[in-house]
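Chemist: Take a look at the following structure, please.
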Amino acid sequence: MFPYIYLASQSPRRQEILKQIGVNFEMLVASPGEDTETLETPLPNEKARTYVERVTFAKSAIALARWQKSGKPWAPILCADTTVSLPGNPDGEILGKPNDASDATRILKMLSGQTHQVLTAVVLTTDPKINPLCLVQVSEVEFAHLTEAQINSYIQSGEPFGKAGAYGIQGLSGAFIPSIKGSYSGIMGLPIFEVNQLLDFAKVARI
């Protein structure tokens, strides 16, 4: 039984979710000079599920190499990535993190009045010599029709930045969402049910 895991993510939301389900973890984050942002650039015509799996497996490989250099004792390594998908969007179905206020406006206008998908891939490396495990959770999120004033006010809050799809369901944008179908925690960035399955398989202790 492993008493803790390594979390290869700086997301405070993922840390909160692990604490919620009683998982002890240590951070295994990028060192100065590591370029993880480039991984998140979608390939031409890449589908959302292919994208989120590719990015999470790549992050997992980098995290494993990071552990190998650290000299720390072995424990399972958890990585995750979340993307927002609007199937049928002519500009590509993947809606990433906004570059600026103008880009956030563009994304939120596309989501307004539509139902989109949120996909979170979770990869757990249970042994450094064995291929990691991967699960993908897909949820559907309905957005209300947003006025220009609502979009502007939300952007001024600063919340859209650094978030796929330019929103965080756990924040102010929760008021824009009449319904979801799937996993609330998955939309936040770490689906509890799927993570619990992986941790049980890897024999990770809970508090």
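The values are calculated or read from the model by the stated rules, or taken from the named source; none is laboratory data. All values reported here derive from a predicted model rather than from experimental measurement. Heads up, the Cβs are rebuilt from the backbone with ideal geometry, glycines too, and the neighbour counts pull from every protein chain shown. Side chains included, ligands, DNA and RNA excluded: accessible areas come from the protein's heavy atoms. Shrake-Rupley method; radii C 1.70, N 1.55, O 1.52, S 1.80 Å.
Chemist: Looking at 197, 170, 117, can you tell me which residue is within 19 Å of residue 60 (Cβ to Cβ) and touching a residue at least 12 places away in the same chain (Cβ under 8 Å)? Break it down stepwise before answering.
Modeler: On the way: 170 fails: within 19 Å of residue 60 (Cβ to Cβ); 117 fails: within 19 Å of residue 60 (Cβ to Cβ).
Just one listed residue meets the conditions, 197.
Chemist: A further question on this structure: Do we find a residue being modelled with pLDDT of 95 or more and open to solvent by 80 Å² or more (accessible area, probe 1.4 Å) anywhere in the stretch 35-45? Lay out the reasoning, then the answer.
Modeler: Here is the first cut: in the stretch 35-45, the ones modelled with pLDDT of 95 or more are none.
No, the stretch 35-45 has no match at all.
Chemist: Residue 136 fails exactly one of the following numbered conditions: (1) over 24 Å from residue 176 (Cβ atoms); (2) modelled with pLDDT under 95. What is the number of that condition?
Modeler: (2)
Chemist: For residues that are open to solvent by less than 60 Å² (accessible area, probe 1.4 Å) and either charged (D, E, K, R) or touching a Phe, Trp or Tyr at 6+ places or on another chain (Cβ under 7 Å) (or both), scanning just the stretch 135-154, find the one that is farthest from residue 170 (Cα to Cα).
Modeler: Residue satisfying both the conditions and the ranking: 146.
Chemist: Turning to a different aspect of this structure: Which count do you get for residues in the stretch 135-145 that are in contact with a helix residue (DSSP H, G or I) (Cβ under 8 Å, 6 or more places away or on another chain), within 13 Å of residue 116 (Cβ to Cβ) and without any contact (Cβ under 8 Å) to a residue 60 or more places away in the chain? Reasoning before the result, please.
Modeler: Of the residues in the stretch 135-145, the ones in contact with a helix residue (DSSP H, G or I) (Cβ under 8 Å, 6 or more places away or on another chain) are 135-139, 141, 143-144.
Still in the running and within 13 Å of residue 116 (Cβ to Cβ): 138-139, 141, 143-144.
From the residues that got through so far, the ones that are without any contact (Cβ under 8 Å) to a residue 60 or more places away in the chain too are 139, 141, 143-144.
So the count comes out to 4.
Chemist: Here's another thing I want to ask about it. For the stretch 82-133: of the residues being in a loop (DSSP other than H, G, I, E, B) and small (Gly, Ala, Ser), which is surrounded by the most Cβ atoms within 10 Å (Cβ to Cβ)?
Modeler: Taking the stretch 82-133 as the starting set, the residues that turn out to be in a loop (DSSP other than H, G, I, E, B) are 86-93, 96-100, 112-114, 126-132.
Next cut, small (Gly, Ala, Ser) only: 88, 92, 96, 112-113.
Numbers: 88: 7, 92: 15, 96: 18, 112: 16, 113: 11.
So the residue we want is 96.
Chemist: Using the structure shown, decide if residue 69 is outside any loop (DSSP other than H, G, I, E, B), open to solvent by 50 Å² or more (accessible area, probe 1.4 Å) and at pLDDT below 95.
Modeler: Numbers: outside any loop (DSSP other than H, G, I, E, B): yes; open to solvent by 50 Å² or more (accessible area, probe 1.4 Å): yes; at pLDDT below 95: yes.
Yes: the conditions hold for residue 69.
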